[in-house]
Amino acid sequence: MTKKHDFKTLAVHAGQKPDKLHGALATPLYQTSTFVFDNVQQGANRFAGEETGYIYTRLGNPTQAVLEEKMAALEGGEAALAFGSGMAAVSAVLMYFLKSGDHVVHSDAIYGCTHSFLHEIICDYNVSATSVDTSDVQKVKDAIKPNTKVIYLETPANPTMKLCDIEAITKIAKEAGIVVIVDNTFMSPYLQSPLELGADVVLHSATKYIGGHGDVVAGLLVGSKEIMDGIRMTTLKDIGGIIAPFDAWLLIRGLKTLAVRMDRTCENAQKVAEFLEQHPAVEKVHYPGLPSFPQHELAKKQMKGFSGLISFELKGGYDAGVKLMNSVKLCQLAVSLGDVDTLIQHPASMTHSVVPEEERLEAKITPGLVRLSVGIEDVQDIIEDLEQGIS
């Protein structure tokens, strides 16, 4: 399958090859740690890289290969790599590009563990990081130093939904010879294509929309073959954050319905956001699909849809947020996102409760802020559940 096919077709067919042994339609699950060679010479050739084939699942697996080919096709990249978690992908790509003495610029609102990796782990190896409001292109440009090697973007941001102008930032980065990595988890390849906008590497916590059913933890990278081969033979192989064959198989299955799930999710989220915006108990709604969203025009320019993530601020503050969390019946009180189930959480009392209040407010995480990951249920049922919880 090639990029000339529509996304929906690629999601089903890319990477998939009928099983020659038994003719199975579904991709076989190669649940094996090692592979048998026909003879010594074949083994020697494979270790020397002179012959294609499998050696050991930490170095590659046929089920994983199908996932990687499918994902590369969907993101429009030359190659992809699968990992055991989103953070395995994050750490592998950053460690590949950053060496002692290097500097990275990153979004001020990024996943907490990514922030910790940059500021509490890799910093011990003489790598410095600067956090900036990457929704302001000029601030990104001003943060670049002579030793800046990576610009790391997460767009939309969690949980404020702020956007980065990927095309404008990558233009600045290319002029300075800087690699741009974009965390595309919130959007999925169906709704946003960072590589087409100039990014060098796209990253996903595949646990979210790629898997889509809350039953797998995994990560993915997509980019040029040169970069993916380099990561495969260094930070993936030698640190070992590999994906299990069964998890790769689950992601292959999940990707087949990605377009269908995202269409329903976007449709539901738009209606939920419009409902929340007119509710008298809601102070403000953060959703790129609303005309009132400050970066709505940028969203329309670089996104094919607005995804299922909404954050909104309740007028009643912290207590109102807690009341809503304890009142919902259909929406599931859980962190994570991208599931077919609607998930709801209250950052001030849950994910960001350990962050000092002053820092939370600086990051626009107010006491009454609620994050909602809209699922594929009947939208009226979702709205009615929120209504009874807020009222």
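The figures follow:
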| read-out | value |
| --- | --- |
| DSSP beta bridges in the stretch 235-391 [antiparallel fraction, %, rounded to 5] | 85 percent |
| Centre separation in Å (Cα based) which lies between the stretch 167-201 and the stretch 251-292 | 23 Å |
| Cβ-based net charge around VAL260, under 12 Å, with every Lys or Arg adding one and every Asp or Glu removing one | +2 |
| Antiparallel bridges, percent of DSSP beta bridges restricted to the chain (to nearest 5) | 55 percent |
| Net dipole in debye of the stretch 59-203 [+1 Lys, Arg Cβ; -1 Asp, Glu Cβ; about Cα centre; nearest 20] | 200 debye |
| Cα lying deepest toward the dipole's positive end in the stretch 1-45, options GLN41, ALA11, LEU25, charges on Cβ | ALA11 |
| Relative packing of 243-251, 259-267, 51-59, which averages over residues the other C-beta atoms within 10 Å, highest first | 243-251, 259-267, 51-59 |
| Per-residue ³J(HN,Hα) for the stretch 333-350, Karplus 6.51 cos²θ - 1.76 cosθ + 1.60, θ = phi - 60°, Hz, x for Gly and Pro | 7, 7, 7, 6, 6, x, 7, 5, 7, 6, 10, 9, 8, 10, x, 5, 9, 10 |
| Protein accessible area in the chain, 1.4 Å probe - carbon and sulfur % | 55 percent |
| Heavy-atom accessible area per residue - the stretch 323-391, 1.4 Å, Å² | 46 Å² |
| Range of Cα positions in the stretch 218-360 per principal axis (Å), largest first | 55, 35, 30 |
| For SER391, solvent-accessible area (1.4 Å; no DNA, RNA or ligand), Å² | 80 Å² |
| Structure-derived volume of the Cα convex hull per residue in Å³ - corresponding label in [x] 145; [y] 288; [z] 129 | [x] |
| Accessible surface, the stretch 168-297, averaged per residue in Å² (probe 1.4 Å) | 36 Å² |
| Residues THR234 and ALA44, FRET efficiency given R0 of 35 Å [Cβ-Cβ distance, rounded to 0.05] | 0.95 |
| For the stretch 30-133, the spread of Cα positions along each principal axis, largest first, Å | 55, 30, 23 |
| Accessible area per residue, Å², the stretch 73-120 with all protein chains present, probe 1.4 Å | 31 Å² |
| Top of GLU357, GLU313, GLU78 by mean-square fluctuation, Gaussian network on the chain, Cα under 10 Å | GLU357 |
| Unsatisfied cross-links (Cα-Cα over 21 Å) in the set LYS171/LYS364; LYS17/LYS208; LYS162/LYS301 | LYS171/LYS364; LYS17/LYS208 |
| Electrostatic dipole magnitude of the chain [Cβ: Lys, Arg +1; Asp, Glu -1; Cα centre; debye, to 20] | 760 debye |
| Relative contact order, percent, the chain [alpha-carbon distance under 8 Å, six or more residues apart] | 16 percent |
| Over the stretch 117-249, volume per residue of the alpha carbon convex hull, in Å³ | 136 Å³ |
| Given charges at Cβ of Lys, Arg, Asp, Glu: the chain dipole, positive-most of ALA143, ALA244, TYR318 | ALA244 |
| Where labels lie 7 Å past Cα in the beta-carbon direction, separation of HIS13 and LYS271 in nm | 3.2 nm |
| Per-pair calculated FRET efficiency, R0 = 30 Å: GLN138 and LYS225 via Cβ, rounded to 0.05 | 0.30 |
| 3J(HN,Hα) from dihedral phi, the stretch 114-122, Karplus parametrisation 6.51/-1.76/1.60, rounded to Hz, x for glycine, proline | 5, 4, 5, 4, 6, 9, 10, 10, 5 |
| Summed side-chain charge close to ALA80 - residues other than ALA80 whose Cβ falls under 11 Å, Lys, Arg +1, Asp, Glu -1 | -1 |
| Virtual paramagnetic centre 7 Å along Cα→Cβ of GLU283, amide N under 18 Å, in the stretch 361-391 | 361-372, 390-391 |
| Total formal charge among the other residues, if their Cβ is under 13 angstrom from that of SER349, Lys/Arg +1 and Asp/Glu -1 | +1 |
| Magnitude of the charge dipole, the stretch 207-332, Cβ model with Lys/Arg +1 and Asp/Glu -1, debye to 20 | 260 debye |
| Stretch gain in nm, segment GLU384-LYS4, where the contour uses 0.36 nm per residue and the Cα spacing is subtracted | 132.6 nm |
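The values are calculated or read from the model by the stated rules, or taken from the named source; none is laboratory data. These numbers come from a predicted model, not from an experiment. A quick note on method: Cβ atoms are made from the backbone with ideal geometry, for glycine too, and the neighbour counts reach across all protein chains shown. The accessibility values were calculated without ligands, DNA or RNA, using every heavy atom of the protein model including side chains. Shrake-Rupley method; radii C 1.70, N 1.55, O 1.52, S 1.80 Å.
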